[in-house]
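Engineer: Next up is a structure, given as structure tokens.
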Amino acid sequence: MRLLLVTFSRGAWVHMALTGMIFFGLLLVDRRTTIPAVTFLLLAIAGGAIKIGFFSEATSGALSDNFLASRLSLQSYDSGRFEHIFKSLGEMFDKPWGIGPNQARLLYGFEPHNTFVVLGLQNGVFAAIGFAVLYFAAGYRCLKKVLEQRDGWMKYAFVLAIMVGLFVLMNVVGSLHWRHLYVVLGLAFGSYYSNSILPTKA
């Protein structure tokens, strides 16, 4: 947790929060995991509240006028980020076959921070549609496995929670270079028969 905090990456913080919320929400589907999940969540909230209460002065001092505080606020490029996305969206439909891989920065001076728009702009609309179909098919498979409640469903729940967090980030951050994005997609199509991390002995 502390290691993630010192990355100073707002995307990583948002991803962690979304993944945690979705995963705990999916654990509520099964009665066997509801009580442990709620207990852990309550203990985490209580622990955080106690820590903030005891170290409120130190925490407020650490957050005032430093790099962490600046990362928690809006950045100068945030408004331009969304302008670039909408401009690229228009260009994408004007050039449906794409402008070529890695050409956005060369032609327009910026790269839109939206994975689907980047794919559509540079590789064509069908590339963006194909990627979206693959991504949502993986998410649907995980959700279906979770709802079936067979052995191994918790692993699908964890993958689905990661995918939701990634999807939100993919709309505001260029993520084609994220190798773990493709690893997670591969995990979604895996077959799991146990909820334990390590395989159980036969």
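The values are calculated or read from the model by the stated rules, or taken from the named source; none is laboratory data. This is a predicted model, so every value here is computed, not measured. Cβ atoms come from the backbone with ideal geometry, glycine included; neighbour counts cover every protein chain shown.
Engineer: May I ask you to say which residue of 153, 178 is surrounded by 12 or more Cβ atoms within 10 Å (Cβ to Cβ) and without any contact (Cβ under 8 Å) to a residue 24 or more places away in the chain?
Structural biologist: Only one candidate passes the filter, namely 178.
Engineer: Give, as residue ranges, the helices (runs of 4 or more DSSP H) completely inside segment 1-120 that count at least 2 residues that are small (Gly, Ala, Ser) and at pLDDT 60 or above.
Structural biologist: On the way: elements: 2-5, 10-27, 31-54, 56-63, 67-72, 78-94, 104-108.
Hits in segment 1-120: 10-27, 31-54, 78-94.
Engineer: So, one more: Evaluate segment 188-201: report whether one residue or more is touching a Cys at 6+ places or on another chain (Cβ under 9 Å) and buried (at least 18 other Cβ atoms within 10 Å of the Cβ).
Structural biologist: yes
Engineer: While we're on this one: Return the pair list, or none, for Cβ contacts closer than 9 Å from residues in segment 137-148 that are among the β-branched types (Val, Ile, Thr) to residues that are surrounded by 18 or more Cβ atoms within 10 Å (Cβ to Cβ), at least 6 apart or on different chains.
Structural biologist: Correct list of pairs: 146/26; 146/153; 146/154; 146/156; 146/157; 146/160.
Engineer: Still on this structure: For residues in segment 147-200 being of a type in the set (Lys, Arg) and outside any loop (DSSP other than H, G, I, E, B), which is nearest to residue 104 (Cα to Cα)?
Structural biologist: It comes out as 179.
Engineer: So, one more: In segment 100-117, what count of residues is obtained for those that are among the aliphatic types (A, V, I, L, M), in contact (Cβ under 8 Å) with a residue 12 or more places away in the chain and farther than 12 Å from residue 127 by Cβ?
Structural biologist: Looking only at segment 100-117, we keep the residues that are among the aliphatic types (A, V, I, L, M), and these are 104, 106-107, 117.
If we keep only those that are in contact (Cβ under 8 Å) with a residue 12 or more places away in the chain too, we end up with 104, 117.
Pick out the ones that are also farther than 12 Å from residue 127 by Cβ and you get 104.
Here the count works out to 1.
Engineer: Tell me, which residue of segment 181-202 that is at pLDDT below 85 and not small (Gly, Ala, Ser) is farthest from the chain's Cα centre (by Cα)? Walk me through how you get there before you give the answer.
Structural biologist: Initially, segment 181-202 is screened for residues at pLDDT below 85, giving 195-202.
Filter once more, so that each one left must be not small (Gly, Ala, Ser): 195, 197-201.
Values: 195: 22, 197: 22, 198: 25, 199: 27, 200: 30, 201: 34 Å.
Checked segment 181-202; the qualifying residue farthest from the chain's Cα centre (by Cα) is 201.
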